[in-house]
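Visitor: Before I ask anything, let me first share the structure, which is written out below as structure tokens.
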Amino acid sequence: MYEGVFEPGSSHADADGYRSDVLEALRHLNMTAMRYPGGNFVSGYHWQDGVGPREKRPTVLDLAWHSKETNQFGTDEYIRLCRKMGWLPMLAVNLGTGTPEEASNWVEYCNRPAGTLYADMRASNGSEQPYAVKLWCLGNEMDGPWQLGHVPADQYAIRAQQAAKMMKDADPSIELVACGSCTIDLESYMEWDRRVLEHMGDLADYVSLHRYVGDPNNDTPDYLAASASIDRQIEEMDAACRFVQAKRRSNKRAYLCFDEWNVWYKNHETDGAGEAGQHLIEEAYDLEDALVVAGFLQSFLRHADVVKIANLAQIVNVIAPILTRGDELLIQSIYYPFEMMSKRRKGDSLRVVVDGPSYEGATNGSVHYIDTSAILGEGALHVFLTNRSMDEASEVCIGVADSAIVSSESAELLTGPSPRATNSFEDSDVIKAIPFEDVSIQHGQARCELPPLSFVAMTLKLG
Amino acid sequence: MYEGVFEPGSSHADADGYRSDVLEALRHLNMTAMRYPGGNFVSGYHWQDGVGPREKRPTVLDLAWHSKETNQFGTDEYIRLCRKMGWLPMLAVNLGTGTPEEASNWVEYCNRPAGTLYADMRASNGSEQPYAVKLWCLGNEMDGPWQLGHVPADQYAIRAQQAAKMMKDADPSIELVACGSCTIDLESYMEWDRRVLEHMGDLADYVSLHRYVGDPNNDTPDYLAASASIDRQIEEMDAACRFVQAKRRSNKRAYLCFDEWNVWYKNHETDGAGEAGQHLIEEAYDLEDALVVAGFLQSFLRHADVVKIANLAQIVNVIAPILTRGDELLIQSIYYPFEMMSKRRKGDSLRVVVDGPSYEGATNGSVHYIDTSAILGEGALHVFLTNRSMDEASEVCIGVADSAIVSSESAELLTGPSPRATNSFEDSDVIKAIPFEDVSIQHGQARCELPPLSFVAMTLKLG
Amino acid sequence: MYEGVFEPGSSHADADGYRSDVLEALRHLNMTAMRYPGGNFVSGYHWQDGVGPREKRPTVLDLAWHSKETNQFGTDEYIRLCRKMGWLPMLAVNLGTGTPEEASNWVEYCNRPAGTLYADMRASNGSEQPYAVKLWCLGNEMDGPWQLGHVPADQYAIRAQQAAKMMKDADPSIELVACGSCTIDLESYMEWDRRVLEHMGDLADYVSLHRYVGDPNNDTPDYLAASASIDRQIEEMDAACRFVQAKRRSNKRAYLCFDEWNVWYKNHETDGAGEAGQHLIEEAYDLEDALVVAGFLQSFLRHADVVKIANLAQIVNVIAPILTRGDELLIQSIYYPFEMMSKRRKGDSLRVVVDGPSYEGATNGSVHYIDTSAILGEGALHVFLTNRSMDEASEVCIGVADSAIVSSESAELLTGPSPRATNSFEDSDVIKAIPFEDVSIQHGQARCELPPLSFVAMTLKLG
């Protein structure tokens, strides 16, 4: 946050201290909700440290990243940034070192009319009007032994239920995200989710999923098949939600909030060496990473009936689509699939059927060479296509069961010279979305040829 | 509290701000112990908010009732009120959002001689002498998911043991009430009590019971049979106490503290809409409610060997025997059985045997038409009688196994025109205790005829 | 602490307020690590009460000993004392009423460079340089129901894991001692240890053992056999550590920290009657107590491969080798075996084989009359011998498997007129180490005759 977004000393800084170049690049990603303040960080974060006069805010030790937190950016600054960017605020409370009461006090600070202690504190910090923050996460990755304040499922369930009840007492209109299994690798996978959801009952509006993937073995075909594994993770978590709903005989089912996901495997430097605003885990993204990010997004889209929220982690510098270096800014490869899809996101997700060849990834299972998803917008059909083949172009024919495609409105292509090709400050245009002209319409169907290792997003007009 | 008892602005206010008309009416109820500060409220209450200079006390959000708590009435005001009224103070500590340490600090504040931090705080707030508060409740209804900080039995047991040990370290002379099952309807009923009592060991002096009853189906006979269900609840909790004592091979057994009970079913408005001192859950009590309140009291009396404490919840306005409206005061129907019995409470509870017709309530089980209990005072026999019949008067003959009744000293009757007859500010004498003259003495026995739907309390002289 | 060590008003007080006579006596004990601030005390201790300007530190109620704690001696004073005495500081964090966060804040206070809140607090209290405290105990005796904040094993395991992770996040170089079973008598013995060690995983560097022994039945032979029971306790805890290491398939094994041990059975006054600096549990030690203390030390020495730390509890006045009365100082019997062994402690513990008669203690099992241990120092062999016989001297012959003993360098003897003989302020030389001249060397072996009820420490020169 302190270098990249909020950088009052930068030549790009706006009146509030935000880098206008970065915000401009972010605006093109059309993000809806922005989660804050973390991540692992949140499990040691006390929100009161970050409000009130800036000169009185303490600089504290951030145990999660072994860094300093100056608290110059806090709740009020975050809300202003959300408003500037049109983001829906999504706050994560501290259930590591924080109490359920501290969490509900934060809801009071943000959402209650003035007249009681914490609401009055907000008013005296400059905002008489409540912030109306609707989305709240009940901690972060509490199932992981690396998390500050980690507890077994039964204990997290108790704490989350306590916090949820109190937070909804403070503002019944909020929606809550319970911590689900943060990785498919922990022994507690699924059992954690069952216990938490059962104990929380109707208080859990969403359950969270996290996923980071990578290509440590340099096995591009398997890596590109990651979306099969992501599909499976989503479907398994949904099964847990449905199981608990059934067992509880409740009308309420928790939906999925995929609130951390990205490619992350190259840089594991997580030690801030005791300093503030360090450039930790900056990951240089390549073409195959961009195709995998497209895979995440396509998987979410195919499961839009249950995945209601998804948050790319993170936005700038730390495993992010945008890097800064001094006053420079670099758009990374993974920026493009996000942009290509987010500008076509309005509408209803369609069920897609693929007829074509498939292959077996070494760890992620069987997938079609072509990964696809589609949205039916107002009179427009948005289609997304990834060609996973490393060497063969693929002829694709797109049809809609009950309509005819009459024209192509727009289409973009993302590809590059090799799976590992990367943008850099020195050569920033290696991986970049370009117009894709080769879409032809015939007999109500669209046809195109996808280059190997490519991602295409197109908008078609229906008759 | 803020409207009804502590109302400095009222024309009835005394020098301390209490309504003298209300206190006068309460005095006739002869209450012994007064529980404070709640109820559900206590699980979010921090006692330190309510001590010290009033202008510095925070106005906080009361999550339990969605109200504001101004903290103008706190520990010191409560103790003064208890002294004014001759009530034994009975404080409930916060085991919802509060810690065992906060609880023991409160014991230090109230009961330790000056010389350490919290005892000195009391002294500097005006009372050099300790308050010697003997009765302390370890939280409130922690088994209920609606309770702030609700936990499963094992977790409450740990927290209660921690608090109890520390509180008794601070003052070994105090007596403690552990939270028992607060309703017979929760799945954890009895198992909660077993676990808590086993883990607390000799630290539990009492275990609490709560009960609210009502007549939502307009079934007066079943409603009046509620005392059978109350008897059963008491006997079941006593069985839990005896079981744990046996298993622990201990000389110490926990006794019962029935610290919340009343009729409550007509008004379920529990939302204070964010304001302070709201008139929530004001219940208008009728004749059948008064007879059921008599049923509670008679059940407690019959089980006086194990029910050592019982507290009507509450005293003014909120489900209470006394209502205020501006400067007016209304005595509700349930006030009378309480008054009739409490003025005859001194002595030993007797075992009573009823010989007469009975009937089967739809949900509460089989009961005699006549509900009765008796106290042997100094040379006097106090007898209490309820006639549950809706339409038949009942001839009653009262005898004592080893003594002769020689005269009737006093007797009062409570009845009314119909089960649903109610006092109101407009017509406040519909349900009211009146002298009962029809008691005759013959052959060492007393005889009288109880009208249908009536309650009688009498004091007889023994030879 | 407040009377005996830190006594600014004493005529023996040095510039920092410490009694120089006491420190001088302690120096001869050559202690390495000094544990602070407790004991049971620590489970109610908040370290922040004891730092900063002394006049602002609160006088608080000490629930563990029913005393007052003035907090005039705190972390900074303790560190200065450690430096003055050459002791390694060993801090115990409060896991009774304290949080894992409070513990990690203390690590920050002590060990982090300035720049964050608590490290800056230390700097502003006078020490810009961190204290580099390496040894930290994760609470005290949390398995005992008498402990403030006592919890079952699973709950302690969670809290200890949380604290350990956060404390090591604050300073990865520290070593941590988890609470093990504090007595062999609790039902949770061994199962507590298994659960705690399994949940903590590699975060547990050490697990603690405590042991207090006595002779309440006046059975000297059995009492002197206590070392058999101490051996067994050590070997059982080591088995728990090895079991968990195996089950976890880890390269890391927890070692043993015997951080409280002593003779304690005569004086059980543990109530400070609400006052500060009381003389509680002052135990008058006799000859047999000194021999049992030698037995503890010999057992630790024999198990030096797994017992890495051991702390005599305590040092002055409270069950201690040194007593003060006004300005007077008394060296108790147990002082001597400690001194005799600690000045010979450098080197490697040897495996010893005893060939000689044995007997069966009533409760502690079978032991040789001669208890022994040995250290191979630089060219020197240190041998320790206890003769448990109440009436017979014992001829002892000492040999080394692969070397010849060539001369005796020094030897001391501790014995006395009877098992119950005791030093007092009036007669302080009853039990005292004296030179032992009767060691003869023949054929590469040493020979001597041990008087009944005696302890000998000798240093022999190897060829």
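No value in this document is a laboratory result; all are computed from the given coordinates. Keep in mind the model is a prediction, meaning the values are calculated, not measured. Methodologically, a virtual Cβ is constructed for each residue, glycine included, from the backbone with ideal geometry; neighbour enumeration extends over all protein chains shown.
Visitor: Apply the Karplus curve 6.51 cos²θ - 1.76 cosθ + 1.60, θ = phi - 60°, to the phi angles in the range B:430-439 and return the couplings in whole Hz, x for Gly and Pro.
Guide: Listing the rounded values in order: 5, 10, 6, 6, 10, x, 10, 9, 7, 8 Hz.
Visitor: If neighbour count is taken as other Cβ atoms inside 10 Å, put B:ARG27, C:ARG194 in order from fewest to most.
Guide: The order, fewest Cβ neighbours first, is B:ARG27, C:ARG194.
Visitor: Of all DSSP beta bridges in the protein assembly as shown, what percent run antiparallel (nearest 5)?
Guide: 65 percent
Visitor: Step through the residues of the range C:360-371 one at a time and calculate ³J(HN,Hα) from phi using the Karplus curve (6.51 cos²θ - 1.76 cosθ + 1.60, θ = phi - 60°), rounding each to whole Hz and writing x for Gly and Pro.
Guide: Here the 3J(HN,Hα) series is 10, x, 5, 10, 8, x, 7, 9, 5, 4, 9, 9 Hz.
Visitor: For A:ASN218, what is the net charge nearby, where nearby means another residue's Cβ is under 12 Å from its Cβ and Lys, Arg count +1, Asp, Glu -1?
Guide: Once positives and negatives cancel, what remains is -3.
Visitor: Let me ask something additional. For the range C:55-145, run through the GluC sites (Glu not before Pro) and keep only the ones in DSSP coil with at most 15 other Cβ atoms within 10 Å of their Cβ.
Guide: C:GLU128
Visitor: From the label point of C:ASP427, set 7 Å along Cα to the beta carbon, how far off in nm is each other copy's matching point, shortest first?
Guide: Label-point distances to the other copies, shortest first: 9.7, 9.7 nm.
Visitor: I'd like the distance separating the alpha-carbon centroids of the range C:397-454 and the range C:1-57, in whole Å.
Guide: Cα centres, the range C:397-454 to the range C:1-57: 34 Å.
Visitor: Tell me which residues come under 5 Å, amide H to amide H, from C:GLU175 once H is placed; ignore anything under 5 positions away on its chain.
Guide: For C:GLU175, the qualifying residues are C:LEU135, C:TRP136.
Visitor: How much of the DSSP beta bridge set in chain C is antiparallel, as a percent to the nearest 5?
Guide: In chain C, approximately 65 percent of DSSP beta bridges are antiparallel ones.
Visitor: What is the set of long-range amide H partners of A:LEU88 at a cut-off below 5 Å, with H atoms built 1.01 Å from backbone N?
Guide: Placed amide hydrogens put A:ALA33, A:MET34 under 5 Å from A:LEU88.
Visitor: May I ask you to list the GluC sites (Glu not before Pro) in the range A:164-235 that are in a DSSP loop and have at most 13 other Cβ atoms within 10 Å of their Cβ?
Guide: A:GLU187
Visitor: Nothing charged except the Cβ atoms of Lys and Arg (+1) and of Asp and Glu (-1): what's the magnitude of the dipole of the range C:55-128 about its Cα centre? Round to the nearest 20 debye.
Guide: 260 debye
Visitor: Quick query: amide H of C:SER394 versus all other amide H atoms, modeled in the peptide plane; which residues come in under 5 Å with a sequence gap of 5 or more or a different chain?
Guide: The list, which skips near neighbours in sequence, is C:LEU450.
Visitor: Averaged across C:101-111, how many Cβ atoms of other chains sit within 10 Å of each residue's Cβ atom?
Guide: 2
Visitor: Using a 10 Å cut-off around each Cβ of peptide C:160-169, what is the average number of partner chain Cβ atoms that fall inside?
Guide: Neighbouring Cβ atoms belonging to other protein chains average 4 per residue here.
Visitor: While we're looking at this one, here's another question. Show me B:282-294, A:451-463 ranked by packing, highest mean number of other Cβ atoms within 10 Å first.
Guide: B:282-294, A:451-463
Visitor: Going by the rotation axis that takes chain A to chain C, pick out the residue of A with the closest C-beta and quote the gap in whole Å.
Guide: A:GLN155, 5
Visitor: OK, next. From Cα pairs below 8 angstrom and at least 6 apart in sequence, can you work out the relative contact order of the range C:358-462, rounded to a whole percent?
Guide: So the answer I get is 37 percent.
Visitor: Where in the range B:177-196 does the label zone of B:GLU236 land, with the point 7 angstrom along Cα→C-beta and an amide N cut-off under 18 Å?
Guide: B:179-196
Visitor: Let me ask something additional. Over the whole of B:116-125, what's the average partner chain Cβ count within 10 Å per residue? Rounded to a whole number, please.
Guide: The shielding value for this peptide is 3.
Visitor: Do the alpha carbons of any pairs in B:LYS134/B:LYS165; B:LYS68/B:LYS308; A:LYS266/C:LYS134; B:LYS84/B:LYS343; C:LYS168/C:LYS343 sit beyond 22 Å of each other, and which pairs?
Guide: As for pairs spanning more than 22 Å Cα to Cα, those are B:LYS68/B:LYS308; A:LYS266/C:LYS134; C:LYS168/C:LYS343.
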